[in-house]
């Protein structure tokens, strides 16, 4: 925890590869001070087939899932930092977005908790 899953069009990987996206988003998440570095997980899912507004337009959308307990201000700052980093990486890409959802502490469970 946390998980950052980047959905994107395949075409953006001609500008920056998956590894560079993962590295830079990991750095943004870590620099937020909200997470232990060893807990941060980042994945990239490129799509060859997609539609955006009924058209074939490049995009990046980051879905973040974090443990509950951060303030709205902290989550908003994290969202802005992610979009800012991606906008710097892809200055000509107009469709960059992020949303942050929270895991409920009471219902979250992983193998280490067995």
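Here is a yes/no grid of residues against (1) under 27 Å from residue 111 (Cα atoms); (2) out of contact with any helix residue (DSSP H, G or I) (no Cβ under 9 Å at 6 or more places or on another chain); (3) not in a loop (DSSP other than H, G, I, E, B):
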residue: 4; (1), (2), (3): yes, no, yes
residue: 8; (1), (2), (3): no, no, yes
residue: 23; (1), (2), (3): yes, yes, yes
residue: 42; (1), (2), (3): yes, no, yes
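Per-residue answers, yes or no, for (1) under 30 Å from residue 9 (Cβ atoms); (2) within 12 Å of the chain's Cα centre (by Cα):
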site	(1), (2)
55	yes, no
71	no, no
78	yes, yes
82	yes, yes
85	yes, yes
89	yes, no
104	no, no
> Between a first residue in segment 71-92 that is buried (at least 16 other Cβ atoms within 10 Å of the Cβ) and a second residue that is in a helix (DSSP H, G or I), which pairs have beta carbons less than 7 Å apart while being 6 or more apart in sequence or on different chains?
Replying inline: 81/28; 82/25; 82/28; 85/24; 85/25; 85/28; 89/24; 90/12
>> Among (1) assigned to a strand (DSSP E or B); (2) loosely packed, with under 14 Cβ neighbours inside 10 Å, there is one condition residue 38 misses while meeting the rest; what is its number?
In response: (1)
> Of the residues in segment 48-70, how many are surrounded by 12 or more Cβ atoms within 10 Å (Cβ to Cβ) and not in a loop (DSSP other than H, G, I, E, B)?
Replying inline: 9
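Readers should treat all values here as calculations from the given coordinates under stated rules, not as data from a laboratory. In this text the structure is predicted, and so the values were computed from the model without any measurement. Glycine gets a Cβ as well: all are built from the backbone with ideal geometry, and neighbour counts include every protein chain shown.
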